[in-house]
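None of the figures in this text is laboratory data; all of them are computed from the coordinates on show. Worth saying up front: this structure is predicted, and the values here are computed from it rather than measured. A quick note on method: Cβ atoms are made from the backbone with ideal geometry, for glycine too, and the neighbour counts reach across all protein chains shown.
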Amino acid sequence: MDVDTAKLSVQDHQIDLPITVGTENEVGMDIRKLRGTTGAITMDPGFANTGSCESTITYIDGEKGVLRYRGYTIEDLAEHSSFLDVSYLLIHGELPTRPMLDDFHEEIAHHSLLHEDMKKFFEGYPASAPPMSVLSTIVSSLSAYYPSGNSEEEVNLNIVRLIAKLNTIAAFSYKKSIGQPYIYPRNELGYASDFLHMMFAVPSEEYELDPLIVRTLDMLLILHADHEQNCSTSTVRMVGSSGADLFSSISAGISALSGPLHGGANTAVIAMLEMIGQDGGNFQKYVDKAKDKSDPFRLMGFGHRVYKNFDPRARVIKRIADEVLGKLGIDDPLLDLAKQLERIALEDEYFASRGLYPNVDFYSGILYRAMGIPTNMFTVMFALGRLPGWIAQWMELKKDPATRIYRPRQIYMGHNQRDYVQIGSRQHLHQ
Ligand code: ACO
């Protein structure tokens with residue numbers, strides 16, 4: 001196929017649109033000159049057909065169920081790498097050597113303490129505060145402590161600070177919610193181990209880490225580490241495009257992730273499974289509700305904007321869930337419920353014809369439960385995992401000479417110009 005240019009006619013105007021072909025042969029029409037030449041814009045609510053950037057970080061083939069970070073398959077990374085290894089890969093572009101990884105870990109470990117004054121922020125929240133709100137506001141306030149920094153050195157230092165401190169902030173937000181004393185980070189522990197220690201240790205006794213749980217958490221973080229231009233990542237890029245600093249951009253990404261159609265789905269899945277269980281396990285009823293267009297109910301953890309075959313992360317998580325729950329001797333009725341619901345939905349023509357399969361959130365909550373992580377922390381776990389991806393994408397945006405402030409257009413459908421109505425004569429406007 002000759003794909004040098006695409007030809008478009010809009011009313012009386014003709015335009016040749018240059019074609020960009022990616023390294024995996026994805027094709028994009030470059031419409032940068034469209035409005036200037038034809039006066040028209042494109043309409044794409046939800047941006048399902050719109051590329052916002054060229055990127056070298058993550059590749060997804062949603063039809064084939066492929067996910068790769070910097071060319072490495074998610075399956076290989078989940079099996080062989082650690083989360084910090086993958087974080088380094090995403091942020092710096094290549095897998096680190098052993099000494100490089102050790103240095104990276106040491107740097108992060110040495111920045112994991114929070115400024116003592118920041119503890120007062122946690123104290124100001126009610127115990128019922130959703131940990132995602134606490135996470136996003138405290139990340140945003142990091143810019144009050146650590147100046148945004150323009151040099152590469154300062155930006156790199158802020159990146160290390162953020163990776164280090166997000167672990168601590170996440171664990172502190174949990175300790176606050178249950179009224180236990182904060183447990184400070186320990187430099188000799190790995191990233192996942194340190195998080196579990198800060199979450200579950202108490203000053204009054206020794207806390208023993210279970211290597212199986214540590215490894216499972218590490219894998220879950222890897223599986224969430226990046227996912228190209230999804231809602232929260234595009235938010236990070238959008239905020240970053242205005243020149244806002246790293247902490248403000250990531251804080252906005254955390255807020256975007258909290259929604260139930262995005263990262264918040266992992267919490268919603270558990271609520272849905274519990275509801276189905278309490279309702280006597282009537283799966284068909286809920287599958288029918290999800291298919292009914294007059295009913296707002298959707299199968300949470302099902303469907304994806306990009307994956308129309310299966311989500312490779314869900315496949316890995318389902319396998320690990322079986323293995324880990326078996327090894328830990330946990331019999332979680334929600335795992336059986338999830339499997340049965342998945343089977344019934346996948347046999348249904350409605351889901352098959354729309355390419356709706358379990359996504360990453362469908363089984364992840366069951367694993368978090370097995371580790372003792374409470375439901376209101378699930379989306380925080382997602383944010384911890386996604387952080388290196390957000391950072392890598394933010395850096396790519398900053399370095400890309402093609403970057404302009406994100407500023408979509410619209411087609412205006414409102415009133416044409418009309419005469420101003422004085423306040424005493426407005427009654428008729430509301431009849
Ligand atoms: N249950 C029932 N029907 C669904 C579901 C679902 N979970 N998801 C999509 N559909 C249907 C839609 O009603 C629509 O049907 P139609 O063509 O007859 O109108 C069709 O499938 C396409 O769905 P859209 O909503 O147009 O797809 P979109 O790409 O905009 O949305 C999304 C993707 C938000 C993930 C959607 O599938 C959804 O709401 N899923 C449930 C929430 C969820 O699990 N979110 C986590 C996603 S993964 C992540 O962010 C980490």
Rounded, prolate or oblate for region 75-262? Axes are the square roots of the Cα gyration tensor eigenvalues, ordered a ≥ b ≥ c, and the cut-off for rounded is a/c under 1.5. rounded
With +1 assigned to the C-beta of every Lys and Arg and -1 to the C-beta of every Asp and Glu, and no other charges, what is the dipole magnitude of the chain about the Cα centre in debye, to the nearest 20? 1540 debye
Going highest first, how would you order 284-297, 397-410 by mean Cβ packing within 10 Å? 284-297, 397-410
Please compute the modelled spin-label separation between GLN340 and ILE411, points set 7 Å along Cα→Cβ, answer in nm with one decimal. 4.8 nm
Size of charge dipole - region 75-115 - debye, nearest 20, with Cβ of Lys, Arg +1 and Asp, Glu -1, no other charges: 160 debye
So for each of 86-99, 376-389 I average, over its residues, the number of other beta carbons within 10 Å; can you give me the resulting order with the highest mean first? 376-389, 86-99
Sequence-distant or interchain residues sharing an amide H contact under 5 Å with VAL66, placed H: which? ASP61
If the label point is 7 Å along Cα→Cβ of GLU106, which residues in region 143-159 have backbone nitrogen under 18 Å from it? 157
Ratio Rg/Rh, restricted to region 73-137 and using Cα atoms, in which Rh is the Kirkwood radius: 1.15
Subtracting the Cα-Cα distance from 0.36 nm times the residue separation, let me have the gained length for ALA271 to ASP16 in nm, one decimal. 86.7 nm
Lys/Arg +1, Asp/Glu -1 at C-beta; region 5-51 dipole; positive extreme among VAL21, THR38, SER9: THR38
Neighbour counts of other C-beta atoms within 10 Å: give me MET118, MET43 arranged from fewest to most. MET43, MET118
For the pair GLU24 and SER52, how long in nm is the line joining their label points, each one 7 Å along Cα→Cβ? 1.9 nm
Quick one: which residues, 5 or more positions from GLY259 or on another chain, have an amide H under 5 Å from its amide H? H modelled 1.01 Å from N in the peptide plane, none for Pro or chain starts. GLY264
For PHE302, other-chain or 5+-apart residues with amide H closer than 5 Å (H placed, Pro excluded) are ASN359
Would you calculate, for the chain, the mean residue ellipticity at 222 nm contributed by helices, counting each DSSP H stretch of 4 or more residues as -39,500 (n - 2.57) and dividing by all residues, to the nearest 500? -16000 deg cm²/dmol
Could you tell me which of rounded, prolate or oblate describes region 5-51, using a ≥ b ≥ c as the square roots of the eigenvalues of the alpha-carbon gyration tensor, with rounded for a/c under 1.5 and, failing that, prolate when a/b is larger than b/c and oblate otherwise? oblate
Any idea what the dipole of region 265-370 comes to, in debye rounded to 20, about its Cα centre with Lys/Arg Cβ at +1 and Asp/Glu Cβ at -1? 420 debye
Measuring from the longest principal axis of the C-alpha atoms of the chain, the long axis of helix 152-178 (C-alpha) lies at a number of degrees, nearest 10, equal to 60 degrees
Residue-span extension gain [THR403 to THR37] - 0.36 nm each, minus C-alpha spacing: 129.7 nm
Spin-label pair SER9/GLU206, simplified geometry with 7 Å Cα→Cβ offset, distance in nm: 8.2 nm
Which one, GLN284, ILE366, SER81, is farthest towards the positive end of the dipole of the chain when Lys and Arg carry +1 and Asp and Glu -1 on their Cβ? GLN284
For each pair in LYS175/LYS398; LYS64/LYS285; LYS33/LYS399, compute the distance between the two Cα atoms and list the pairs where it is over 25 Å. LYS175/LYS398; LYS64/LYS285
At R0 = 22 Å, FRET efficiency that the Cβ-Cβ distance of GLU154 and GLU116 yields, to 0.05: 0.45
Does anything in region 118-143 have its amide N under 19 Å from the 7 Å Cα→Cβ label point of TYR184, and if so which residues? 118-123
By the C-alpha gyration tensor axes a ≥ b ≥ c (rounded if a/c is under 1.5, else prolate when a/b exceeds b/c, else oblate), the shape of the chain is rounded
